[in-house]
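**Student:** My structure is below; once you've seen it, I'll send some questions.
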Amino acid sequence: MLFDIFADRAVPTQIRWMATITLKNGIDKYWKRSALHPIKLPEKELIRPRLLTMLDEDTPLVALQYCLVVAKIARWEFPRVWPSFAEDLLAQIQAIATDPSLSAARRGIMENNVLYIMHLFVKSLSSRTLVLERQSLRQITPLVFAVLAPIYAERIAQFHEVMLRNQNHISDIATFFAES
């Protein structure tokens with residue numbers, strides 16, 4: 001299974017990256033029930049609960065493809081099959097923000113990945129035309145803002161602090177953006 005290859009960090013990065021790309025490309029083609037050779041429901045049920053367990057992926061190419069995989073699956077599954085996806089994702093964002101056991105570097109990686117998934121998810125949800133899907137977007141919007149507004153305010157405060165401290169040091173400001 002491609003997800004197992006991606007999730008196994010002992011596998012070389014290039015192979016994990018290719019597995020994630022192949023999985024991402026196969027989602028549009030095989031995730032639908034109407035596909036010629038669709039992914040079977042038991043296999044989907046094995047993948048779905050594990051999707052949000054790899055948020056600490058630190059290899060940029062693999063992390064990008066992973067985020068796209070999660071967002072594409074959410075596009076097909078939310079709100080009918082996986083109605084709790086938005087709440088699950090928001091819970092992950094809150095857990096990452098409040099977990100004292102995470103190092104700053106690991107928290108940054110996880111936060112970037114989960115926020116990018118949220119971005120892709122909201123973007124795909126906003127382009128939908130069916131009434132049920134648009135209604136789902138309206139329902140989760142207040143929850144999304146309630147979770148993301150404090151993170152946004154914190155980042156703005158950090159940026160302001162860096163700007164005040166390093167008015168003449170462009171390299172420090174560039175470092176802030178690279179780490180955020």
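The values are calculated or read from the model by the stated rules, or taken from the named source; none is laboratory data. Note that the structure is a prediction, hence the values are computed from the model and not measured. Here the Cβ is made from the backbone with ideal geometry for all residues, glycine too, and neighbour counts use every protein chain on show. Only protein heavy atoms, including side chains, enter the accessible area calculation; ligands, DNA and RNA are left aside. Shrake-Rupley method; radii C 1.70, N 1.55, O 1.52, S 1.80 Å.
**Student:** Looking at residue 89, is it out of contact with any Gly (no Cβ under 6 Å at 6 or more places or on another chain), without any contact (Cβ under 8 Å) to a residue 24 or more places away in the chain and crowded, with 20+ Cβ neighbours inside 10 Å?
**Tutor:** Details: out of contact with any Gly (no Cβ under 6 Å at 6 or more places or on another chain): yes; without any contact (Cβ under 8 Å) to a residue 24 or more places away in the chain: no; crowded, with 20+ Cβ neighbours inside 10 Å: yes.
The answer is no for residue 89.
**Student:** Regarding residue 2, is this residue more than 17 Å from the chain's Cα centre (by Cα), loosely packed, with under 12 Cβ neighbours inside 10 Å and either at pLDDT below 90 or within 16 Å of residue 113 (Cα to Cα) (or both)? Steps first, please.
**Tutor:** Working: more than 17 Å from the chain's Cα centre (by Cα): yes; loosely packed, with under 12 Cβ neighbours inside 10 Å: no; either at pLDDT below 90 or within 16 Å of residue 113 (Cα to Cα) (or both): yes.
No; evaluated as a whole, the condition is false for this residue.
**Student:** Filtering the range 10-29 down to residues that are over 23 Å from residue 75 (Cα atoms) and of a type in the set (Val, Ile, Thr), which residue is least open to solvent (accessible area, probe 1.4 Å)?
**Tutor:** 11
**Student:** Next up: Is it the case, given these coordinates, that residue 63 is at negative phi, in contact with a helix residue (DSSP H, G or I) (Cβ under 8 Å, 6 or more places away or on another chain) and not in a loop (DSSP other than H, G, I, E, B)?
**Tutor:** Values: at negative phi: yes; in contact with a helix residue (DSSP H, G or I) (Cβ under 8 Å, 6 or more places away or on another chain): yes; not in a loop (DSSP other than H, G, I, E, B): yes.
It is true that residue 63 is at negative phi, in contact with a helix residue (DSSP H, G or I) (Cβ under 8 Å, 6 or more places away or on another chain) and not in a loop (DSSP other than H, G, I, E, B).
For (1) more than 18 Å from the chain's Cα centre (by Cα); (2) of a type in the set (Val, Ile, Thr), each residue gets a yes or a no:
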residue: 20; (1), (2): no, yes
residue: 40; (1), (2): yes, no
residue: 43; (1), (2): yes, no
residue: 49; (1), (2): no, no
residue: 54; (1), (2): no, no
residue: 69; (1), (2): no, yes
residue: 83; (1), (2): no, no
residue: 86; (1), (2): no, no
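**Student:** Where residues in the range 115-141 are farther than 22 Å from residue 65 by Cβ and either at pLDDT 95 or above or among the small types (Gly, Ala, Ser) (or both), which of them is least open to solvent (accessible area, probe 1.4 Å)? Give the derivation first.
**Tutor:** Going residue by residue through the range 115-141, those that are farther than 22 Å from residue 65 by Cβ are 126, 128-141.
Subsequent filtering for residues that are either at pLDDT 95 or above or among the small types (Gly, Ala, Ser) (or both) retains 126, 136.
Values: 126: 60, 136: 8 Å².
Among those residues, the one meeting the criterion is 136.
**Student:** With the checklist (1) in contact with an Asp or Glu (Cβ under 7 Å, 6 or more places away or on another chain); (2) in a loop (DSSP other than H, G, I, E, B) in hand, flag the one item residue 72 doesn't pass.
**Tutor:** Evaluating residue 72 over (1) in contact with an Asp or Glu (Cβ under 7 Å, 6 or more places away or on another chain); (2) in a loop (DSSP other than H, G, I, E, B) leaves (2) as the failure.
**Student:** For the range 92-114, which positions are open to solvent by less than 50 Å² (accessible area, probe 1.4 Å) and under 25 Å from residue 23 (Cα atoms)?
**Tutor:** 93, 110, 111, 113, 114
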